[in-house]
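Written below as structure tokens is the structure these notes are about.
The values are calculated or read from the model by the stated rules, or taken from the named source; none is laboratory data. Just so you know, these numbers come straight off a predicted model, no measurement behind them. Cβ placement follows ideal geometry from the backbone for every residue including glycine, while neighbour counts extend to all protein chains displayed. For accessibility, only protein heavy atoms count, side chains too; no ligands or nucleic acids. Shrake-Rupley method; radii C 1.70, N 1.55, O 1.52, S 1.80 Å.
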Amino acid sequence: MESPSSSLVEKIKGKIFSSNVDPYTSICPSAYDTAWLAMIPDSHNSFKPMFKNCLDWLLNNQNQQGFWGECDAFGKPTLETLPATLASIVALKKWNTGALMIDTGLVFIETNIEKLLKDIDNNCPRWFRIVFPAMVQLSESVGLEIVFPDAVTGSVSRIFHGQQYLLNKEELVGKHCFPPLLSYLEALPPTYTISEEDIRSNLSDDGSVFQSPSATAKAFMATGKIECLAYLQSLIQRCPDGVPQTYPMDEELIKLCMVNQLQRLGLAEHFVEEIDEILAKVYRNYVEQESWVKPTNMVAAQLHKDSLAFHLLRMHGYSVSPSLLFRWFLDDEEIRTRVEKEPEHFSTTMLSMYRASNLIFCGENELEDVKSFTRDLLKRSLVTKNGETQRKLSQFQQMVQRELNIPWLAHMDHLDHRIWIEENEEVNFLWKGKTSHVRISHFHNVDLLQLAMQNYEFKQSIFKSELKELMRWAQNCGLTNMGFGREKTTYCYYAIAAATTYPNDTYVRMLVAKSAVMITVADDFFDAEGSFKELNDFMNAVRRWDSKGLSSHGKVIFEALDNLVSEASGKYVEQGGIHDIQSSLQDLWYETFLSWLTEAKWNKKGEAPSIDDYLKNGMISIAIHTMILPASCFLNPSLSYENLRPAQYEPITKLLMVICRLLNDIQTYKRETEEGKWNFLGLNLMKNPNFGMEDSIALGREIIDERTKEFIQHVLVNGQSDLPKPCKLLHLTCLKVFHLFYNSRNAFDSNTQLLEDINKAIYLPLRRNTKTTKIDLSQLRSMPKMKDKSIQRPRFNWSFKHNRSFCVHQVISPPALRNGYGIISFNPKALIPGFI
């Protein structure tokens with residue numbers, strides 16, 4: 001397997017990070033908004049479009065299946081394609097072009113609407129209830145007949161009634177609904193009377209209606225206001241090849257989204273300088289802002305930006321306060337009420353905020369509040385209105401479920417990269433706009449996905465080779481067929497390789513994995529296999545560092561250990577180390593074995609240590625420092641010789657040791673109690689007779705949570721620890737390993753729980769997305785007709801009064817019938833003067 005293409009890396013740098021690249025090219029155009037601009041007639045010739053390039057974009061961007069708009073990871077249409085396709089065919093119909101494309105679009109609607117409406121029947125998004133009925137009405141108004149099969153007439157009826165309910169309930173620009181109704185100006189029916197003054201008084205300084213191109217296009221067609229035209233012309237000048245659904249956009253937010261995309265795809269290591277430059281600028285801007293202006297319209301985008309900025313800046317070592325980024329939100333009850341009432345609109349933003357709240361330090365109550373608020377909303381997104389768990393979750397909902405169920409420290413970054421690659425189109429939402437999610441442009445995403453796949457499969461090839469070598473080493477040393485204990489060679493390697501992108505050095509990974517295998521076998525020897533005499537003989541041999549007098553298992557373990565220590569100390573000198581670290585490594589291992597012997601004495605004699613004595617010894621016996629510190633000598637920059645065997649371990653190391661000990665004790669309590677071993681939970685129950693097991697576990701988790709906050713601060717904040725940054729990141733990697741094994745279950749002792757993940761991480765190729773082929777129009781037209789079934793629907797006649805306010809005349813008419821299908825038929829007049 002070849003390494004990722006350097007030419008592809010340079011190509012992406014040129015397309016995304018070059019100083020002369022417009023950030024707007026990184027964002028997918030909105031077919032829906034582009035269609036609305038394409039509908040505007042030229043002011044000098046009403047038979048021609050004012051923005052012909054928008055019409056050309058529609059002609060060139062119909063999906064092979066017949067729709068306009070976004071598809072999922074498998075090339076299948078999303079709900080957003082229904083109104084986008086209807087708006088697009090209306091624009092084509094208006095200018096008498098693209099007849100075959102219109103026909104194909106109509107067939108797409110007929111044949112796919114049942115599937116697309118199925119998942120929202122009991123939970124229809126607010127935006128869809130507003131926009132979809134309006135686009136059906138608009139299509140009928142230009143002579144297009146929208147055919148709905150019998151199976152969906154009930155669903156469509158509920159959506160239409162849902163629109164009426166919203167219009168009767170909400171204010172034009174209300175406080176508690178976002179986006180406000182007026183931002184859907186192009187979709188508001190004539191029953192909703194809007195005056196020119198309503199539009200004029202709500203225009204932004206840039207001449208837009210809530211920065212919405214589609215709403216501003218409608219406002220211009222209805223009022224002819226020059227401010228709206230200036231906005232639209234500025235938009236087209238900036239975005240000539242399809243317009244975004246929001247304009248202007250925060251360019252810094254776009255760049256942060258690109259950095260986040262690189263991180264999620266596992267590509268950050270190829271763009272280190274570019275990422276550092278962007279984050280440095282973002283940090284300067286946050287620090288330099290003198291006052292905070294509460295966003296009135298772009299709340300979702302601002303929250304998304306703040307959460308991404310906080311997460312990325314904190315992960316890269318910047319000192320950033322949660323008060324600076326989240327206090328405006330937490331203190332504003334009006335905005336929080338908006339978010340609670342529109343959970344679907346803010347879902348991706350809430351997930352981004354939830355992820356940011358994971359990086360919490362001690363005393364940061366704001367982040368505790370953010371985590372509580374976002375967790376509750378995300379949980380609501382997984383249930384129906386009746387509070388029942390949804391039977392079928394979308395890919396995005398599955399991602400939410402993973403985030404809620406698996407703490408971020410238990411996530412394996414390598415597997416997360418795989419999920420993000422395989423489900424990219426489905427979960428690659430940035431933030432929710434008016435009618436769809438903002439997404440990264442396919443123009444960029446194709447190259448990013450290609451590089452990500454190359455990168456992932458290249459790492460798989462490395463991991464496969466390293467694991468094979470590790471298994472050969474363990475077998476040659478006799479560690480795989482001891483006849484007792486746990487054989488965890490694959491588990492040990494998988495965990496250190498998949499947890500994070502650190503370490504990215506083969507020898508560091510191998511040394512940690514070998515040490516973990518060594519510790520597992522030796523720990524089982526001390527716990528269960530060796531007699532008290534054998535353990536004392538072994539300790540004497542380690543103290544002398546001489547295997548004389550050892551036999552059987554003790555001799556095999558010592559010789560394997562001697563091989564490991566000699567290899568590491570020799571390689572250290574080989575790489576330019578000026579000290580001989582062999583004696584320090586021997587002392588480190590002796591300390592670990594001595595702690596195991598202490599535990600063996602307690603267990604064999606039935607002596608109960610104090611909790612303090614137990615934890616002091618248990619921090620050593622968990623042996624996490626025995627894996628980390630020797631490996632840190634081979635990082636760049638490396639651990640200093642003095643820190644390998646200090647008089648006192650660094651606070652970051654001691655925090656890691658106690659957290660890992662408690663994680664292990666909580667999940668192994670039952671087994672260790674049965675084996676007559678002391679454990680933190682059992683000792684705590686002895687000390688506190690009024691405690692139950694749940695109380696003891698809760699106390700252990702409380703200690704873990706508090707120590708973890710301290711630990712994360714030591715890892716992420718520069719100056720909190722004297723250790724080099726790569727060494728701190730290796731500490732973080734090993735904490736993630738222990739969370740993988742012991743967060744919610746004892747996965748390390750299971751022979752099956754991690755096998756599927758191991759296969760995905762090392763062996764199974766990535767799933768290639770297959771796009772659906774173009775629909776056969778002739779075959780679809782010859783499909784068997786459904787039984788006649790029609791329902792009564794209102795037909796709206798649209799008109800303009802002389803003061804340009806919208807008004808409506810509603811009449812009830814019998815339904816139209818066509819080819820045996822039940823039709824919901826509307827026959828309104830032109831939406832704008834001269835439109836037809």
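Among the residues of region 522-534 satisfying the criterion of being part of a helix (DSSP H, G or I) and open to solvent by 10 Å² or more (accessible area, probe 1.4 Å), which is nearest to LEU267 (Cα to Cα)? Before the answer, list the steps.
Initial filter on region 522-534 (part of a helix (DSSP H, G or I)): 522-529, 532-534.
Restricting the remaining residues to those that are open to solvent by 10 Å² or more (accessible area, probe 1.4 Å) gives 523-524, 527-529, 532-534.
Details: ASP523: 38, ASP524: 39, ASP527: 43, ALA528: 45, GLU529: 46, PHE532: 51, LYS533: 53, GLU534: 50 Å.
Ranking the candidates gives ASP523 first.
Only one of (1) within 26 Å of the chain's Cα centre (by Cα); (2) over 30 Å from PHE463 (Cβ atoms) fails for LEU37. Which number is that?
Only one criterion is unmet by LEU37, namely (1).
Restricting attention to region 181-207, and to residues there that are within 23 Å of LEU86 (Cβ to Cβ) and of a type outside the set (A, V, I, L, M), which single residue is surrounded by the fewest Cβ atoms within 10 Å (Cβ to Cβ)?
Going through region 181-207, the residues within 23 Å of LEU86 (Cβ to Cβ) turn out to be 181-192, 194.
Filter once more, so that each one left must be of a type outside the set (A, V, I, L, M): 183-184, 186, 189-192.
On the way: SER183: 26, TYR184: 24, GLU186: 27, PRO189: 21, PRO190: 21, THR191: 16, TYR192: 21.
This residue is THR191.
Can you pull out the residues in region 355-385 that are among the hydrophobic types (A, V, I, L, M, F, W, C), open to solvent by less than 50 Å² (accessible area, probe 1.4 Å), assigned to a loop (DSSP other than H, G, I, E, B) and closer than 22 Å to MET315 by Cβ? Talk me through it step by step, then tell me what you get.
Just the residues of region 355-385 that are among the hydrophobic types (A, V, I, L, M, F, W, C), to begin with: 356, 359-362, 367, 370, 373, 377-378, 382-383.
Right, trim to open to solvent by less than 50 Å² (accessible area, probe 1.4 Å) and you get 356, 359-361, 367, 370, 373, 377-378, 382-383.
Add one more test, that the residue is assigned to a loop (DSSP other than H, G, I, E, B), and what stays is 359-361, 382.
If the condition is that a residue be among the hydrophobic types (A, V, I, L, M, F, W, C), open to solvent by less than 50 Å² (accessible area, probe 1.4 Å), assigned to a loop (DSSP other than H, G, I, E, B) and closer than 22 Å to MET315 by Cβ, then LEU359, ILE360, PHE361 are the ones that fit.
Among the residues of region 443-494, count how many are touching a residue at least 12 places away in the same chain (Cβ under 8 Å) and in a helix (DSSP H, G or I).
The number of residues fulfilling the criteria is 34.
Looking at SER352 and the list (1) surrounded by fewer than 18 Cβ atoms within 10 Å (Cβ to Cβ); (2) small (Gly, Ala, Ser); (3) in contact (Cβ under 8 Å) with a residue 24 or more places away in the chain, which single condition is not satisfied?
(1)
May I ask you to verify whether ASN297 is surrounded by 15 or more Cβ atoms within 10 Å (Cβ to Cβ) and modelled with pLDDT under 95? It would help to see each step written out before you state the result.
Values: surrounded by 15 or more Cβ atoms within 10 Å (Cβ to Cβ): yes; modelled with pLDDT under 95: yes.
Criteria met by ASN297.
Which one of these does ALA497 not meet: (1) in contact (Cβ under 8 Å) with a residue 12 or more places away in the chain; (2) open to solvent by 40 Å² or more (accessible area, probe 1.4 Å); (3) within 30 Å of ASP757 (Cβ to Cβ)?
Here ALA497 clears every test but (2).
Pick from region 22-76 the residues that are in the same structural domain as ALA99 (by the TED database) and among the acidic types (Asp, Glu): which of them is modelled with the lowest pLDDT?
So, considering only residues that are in the same structural domain as ALA99 (by the TED database) and among the acidic types (Asp, Glu), the one modelled with the lowest pLDDT is ASP72.
Identify, from the list LEU655, LEU662, LEU629, the residue that is over 29 Å from GLU607 (Cβ atoms), at pLDDT 95 or above and in a helix (DSSP H, G or I). Break it down stepwise before answering.
Values: LEU655 fails: over 29 Å from GLU607 (Cβ atoms); LEU662 fails: over 29 Å from GLU607 (Cβ atoms).
Every option except LEU629 fails the conditions.
Can you tell me which residue in region 632-652 is nearest to HIS579 (Cα to Cα), limited to those that are over 35 Å from the mean Cα position of the chain (by Cα) and outside any loop (DSSP other than H, G, I, E, B)?
Here the residue is TYR641.
So is ILE652 open to solvent by less than 20 Å² (accessible area, probe 1.4 Å) and in the same structural domain as MET619 (by the TED database) or not?
Numbers: open to solvent by less than 20 Å² (accessible area, probe 1.4 Å): yes; in the same structural domain as MET619 (by the TED database): yes.
Answer is yes for this residue.
Quick one: TYR491 ticks every box in (1) closer than 22 Å to LEU754 by Cβ; (2) in contact with a helix residue (DSSP H, G or I) (Cβ under 7 Å, 6 or more places away or on another chain); (3) among the hydroxyl-bearing types (Ser, Thr, Tyr) bar one, so which box is it?
(2)
Does region 337-344 include one or more residues that are at pLDDT below 95 and open to solvent by less than 20 Å² (accessible area, probe 1.4 Å)?
Let us first name the residues in region 337-344 that are at pLDDT below 95, namely 337-344.
This time we only want the ones that are open to solvent by less than 20 Å² (accessible area, probe 1.4 Å), so: 339.
The answer is yes; a qualifying residue exists.
Quick check on ALA516: is it in contact with a His (Cβ under 7 Å, 6 or more places away or on another chain), among the small types (Gly, Ala, Ser), open to solvent by less than 20 Å² (accessible area, probe 1.4 Å) and in the same structural domain as PHE634 (by the TED database)? Write out each step before concluding.
Working: in contact with a His (Cβ under 7 Å, 6 or more places away or on another chain): no; among the small types (Gly, Ala, Ser): yes; open to solvent by less than 20 Å² (accessible area, probe 1.4 Å): yes; in the same structural domain as PHE634 (by the TED database): yes.
The answer is no for ALA516.
Determine whether region 677-691 contains at least one residue that is open to solvent by 20 Å² or more (accessible area, probe 1.4 Å), under 24 Å from PRO407 (Cβ atoms) and in a helix (DSSP H, G or I). First the steps, then the outcome.
So in region 677-691, the residues open to solvent by 20 Å² or more (accessible area, probe 1.4 Å) come out as 677-678, 685-691.
Imposing the further condition that a residue be under 24 Å from PRO407 (Cβ atoms) reduces the set to none.
No, region 677-691 contains no residue that is open to solvent by 20 Å² or more (accessible area, probe 1.4 Å), under 24 Å from PRO407 (Cβ atoms) and in a helix (DSSP H, G or I).
Select from region 574-589 the residues that are in a helix (DSSP H, G or I) and surrounded by 14 or more Cβ atoms within 10 Å (Cβ to Cβ) and list them in ascending order. Let's see the steps before the verdict.
The initial filter retains those residues of region 574-589 that are in a helix (DSSP H, G or I), namely 574, 582-589.
Within region 574-589, GLN582, SER584, LEU585, GLN586, ASP587, LEU588, TRP589 qualify.
Go through region 703-745 and report how many residues are open to solvent by less than 20 Å² (accessible area, probe 1.4 Å) and part of a loop (DSSP other than H, G, I, E, B).
So the answer is 2.
I'd like to check something: does region 225-246 contain any residue that is within 22 Å of LEU359 (Cβ to Cβ), open to solvent by 30 Å² or more (accessible area, probe 1.4 Å) and out of contact with any strand residue (DSSP E or B) (no Cβ under 6 Å at 6 or more places or on another chain)? Write out each step before concluding.
First pass over region 225-246, keeping only residues within 22 Å of LEU359 (Cβ to Cβ): none.
No, there is no match, as no residue in region 225-246 is within 22 Å of LEU359 (Cβ to Cβ), open to solvent by 30 Å² or more (accessible area, probe 1.4 Å) and out of contact with any strand residue (DSSP E or B) (no Cβ under 6 Å at 6 or more places or on another chain).
Please go through (1) within 24 Å of ASN445 (Cβ to Cβ); (2) touching a Leu at 6+ places or on another chain (Cβ under 6 Å); (3) in a helix (DSSP H, G or I); (4) not aromatic (Phe, Trp, Tyr) for VAL243 and return the number of the only condition it doesn't satisfy.
(3)
Using the structure shown, decide if THR104 is hydroxyl-bearing (Ser, Thr, Tyr), at pLDDT 95 or above, open to solvent by 30 Å² or more (accessible area, probe 1.4 Å) and farther than 26 Å from MET258 by Cβ. Step through it out loud before you land on a result.
Working: hydroxyl-bearing (Ser, Thr, Tyr): yes; at pLDDT 95 or above: yes; open to solvent by 30 Å² or more (accessible area, probe 1.4 Å): no; farther than 26 Å from MET258 by Cβ: yes.
In short, no.
Could you count how many residues in region 250-259 are surrounded by fewer than 20 Cβ atoms within 10 Å (Cβ to Cβ) and either in contact with a Cys (Cβ under 8 Å, 6 or more places away or on another chain) or without any contact (Cβ under 8 Å) to a residue 60 or more places away in the chain (or both)?
Result for region 250-259: 2.
Hey, any hits in region 71-92 for a residue that's open to solvent by 10 Å² or more (accessible area, probe 1.4 Å) and free of Cβ contacts under 8 Å to residues at least 24 places away in the same chain? If you could, list the steps in order and put the result at the bottom.
The initial filter retains those residues of region 71-92 that are open to solvent by 10 Å² or more (accessible area, probe 1.4 Å), namely 71-72, 74, 76-80.
Filter once more, so that each one left must be free of Cβ contacts under 8 Å to residues at least 24 places away in the same chain: none.
No, there is no match, as no residue in region 71-92 is open to solvent by 10 Å² or more (accessible area, probe 1.4 Å) and free of Cβ contacts under 8 Å to residues at least 24 places away in the same chain.
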